[in-house]
1. With (1) part of a loop (DSSP other than H, G, I, E, B); (2) touching a residue at least 60 places away in the same chain (Cβ under 8 Å); (3) crowded, with 18+ Cβ neighbours inside 10 Å as the list, and C100 as the residue in question, which single condition is left unmet?
2. Please determine whether any residue of the stretch 126-136 is hydrophobic (A, V, I, L, M, F, W, C) and touching a Gly at 6+ places or on another chain (Cβ under 7 Å).
3. Among the candidates L250, L259, single out the residue that is closer than 30 Å to E139 by Cβ and not charged (D, E, K, R).
4. So, T198, is that one surrounded by fewer than 19 Cβ atoms within 10 Å (Cβ to Cβ) and modelled with pLDDT of 95 or more or not?
5. When you scan the stretch 265-296, how many residues do you find that are surrounded by 15 or more Cβ atoms within 10 Å (Cβ to Cβ) and either more than 33 Å from the chain's Cα centre (by Cα) or not assigned by TED's automatic domain parsing to the domain that holds V231 (or both)?
6. Taking the stated definitions as given, is S146 touching a helix residue (DSSP H, G or I) at 6+ places or on another chain (Cβ under 6 Å), polar (S, T, N, Q) and either under 30 Å from Y94 (Cβ atoms) or surrounded by fewer than 19 Cβ atoms within 10 Å (Cβ to Cβ) (or both)?
7. Hey, can you tell me all the residues within the stretch 178-217 that are touching a residue at least 40 places away in the same chain (Cβ under 8 Å), part of a loop (DSSP other than H, G, I, E, B) and more than 24 Å from the chain's Cα centre (by Cα)?
8. If you take the residues of the stretch 20-71 that are more than 22 Å from C110 (Cα to Cα) and acidic (D, E), which of them is modelled with the lowest pLDDT?
Amino acid sequence: MSPQTKISLSWLVVFLMYGVIAIGATIILKDVLADTIQSSVTVGNEPPTVGTVILNGGNDIVLAENTTVTVIGTTTVTDGNGYNDITAVTSTLYLNNTTCSSGLADPNWCYYISSCATSNCSGSSCDVTCSANVWFIAEPTSPTTSYPSADWQMDITVVDSGNNTDTGTTSQELLTLYALDVDGSISYGTIYPGGTSTEQLTHATNTGNYQIDVALSGVDMDDGSGHTIAVGQQKYSSSSNMGDWVGTALTTTASPYNLDLPKPTATTSNSYDDLYWMIKIPDPQYPGTYTGTNTISAIDAI
């Protein structure tokens, strides 16, 4: 190859190199001259929601004599901003022909639950349990009571960080509780045949949630060796003026007696009455210590 041809190829290489450099410079220049755009979005505070509320497992509420029972409501609460956005869950359990709030709490008809327990929190939801210790004096809603068309209602309210709320509700029947407690004892002492005891005092207290009377029955008293005193030798009365064995004779079958014990309104029952007892010993009667059992039952008011 001639020297002239070698020189021409060298210039061609130089030309191509300048072309590559120019193209690269253009690409770099474009990158240097690129702009930016700012983006933004506001995530709204979505209101929370309360799912289906279940009260007392879907069963009627049954109270316990002279004490409380724990009544539970459950549900699931959801918040689209995450469960951490939920700030409070409160509840009321109440007789639903009334209103109920923290300032109106009353064991007869309104229970305010300031904080319900949350569990199994994940993502956007939590399980909720609301518990109330309901007293034996809570108003019944059975068909024959003072509130046959009412129920006991539970409202569960959820609140989020934006003070948004939602409330779920359900209701159940609260059943009538007929119950009483009798204190004192019947100890007639030593009485000779043909004699009559002094009055023995007992107290009957209404420990349920409805007005009651009583039914009384007993058994023959015996001395353990085959000798007995007939049940009818005992008499009872709500009056202390029994005089010489004046009153209602005890029987082996339950006999209703009008004692007029109204529904109590206090958790330490304020509904009670006196019940007096006397016995007359037959003549003749074998000597010894005689014992027996008298039964006093709560019944619907006569």
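The values are calculated or read from the model by the stated rules, or taken from the named source; none is laboratory data. A quick note: this is a predicted structure, and the numbers were derived from the prediction, not measured. Counting neighbours? That spans all protein chains shown, and the Cβs are built from the backbone with ideal geometry, glycine included.
1. Only one criterion in (1) part of a loop (DSSP other than H, G, I, E, B); (2) touching a residue at least 60 places away in the same chain (Cβ under 8 Å); (3) crowded, with 18+ Cβ neighbours inside 10 Å is unmet by C100, namely (2).
2. Yes, some residue in the stretch 126-136 is hydrophobic (A, V, I, L, M, F, W, C) and touching a Gly at 6+ places or on another chain (Cβ under 7 Å).
3. Going through L250, L259 in turn, just one is closer than 30 Å to E139 by Cβ and not charged (D, E, K, R): L259.
4. Against the criterion (surrounded by fewer than 19 Cβ atoms within 10 Å (Cβ to Cβ) and modelled with pLDDT of 95 or more), T198 does not qualify.
5. Residues that pass the stated criteria total 11.
6. Answer is no for this residue.
7. Within the stretch 178-217, I186, Y188, I191, Y192, P193, G194, G195, S197, T198, E199 qualify.
8. Among residues in the stretch 20-71 that are more than 22 Å from C110 (Cα to Cα) and acidic (D, E), the one modelled with the lowest pLDDT is D31.
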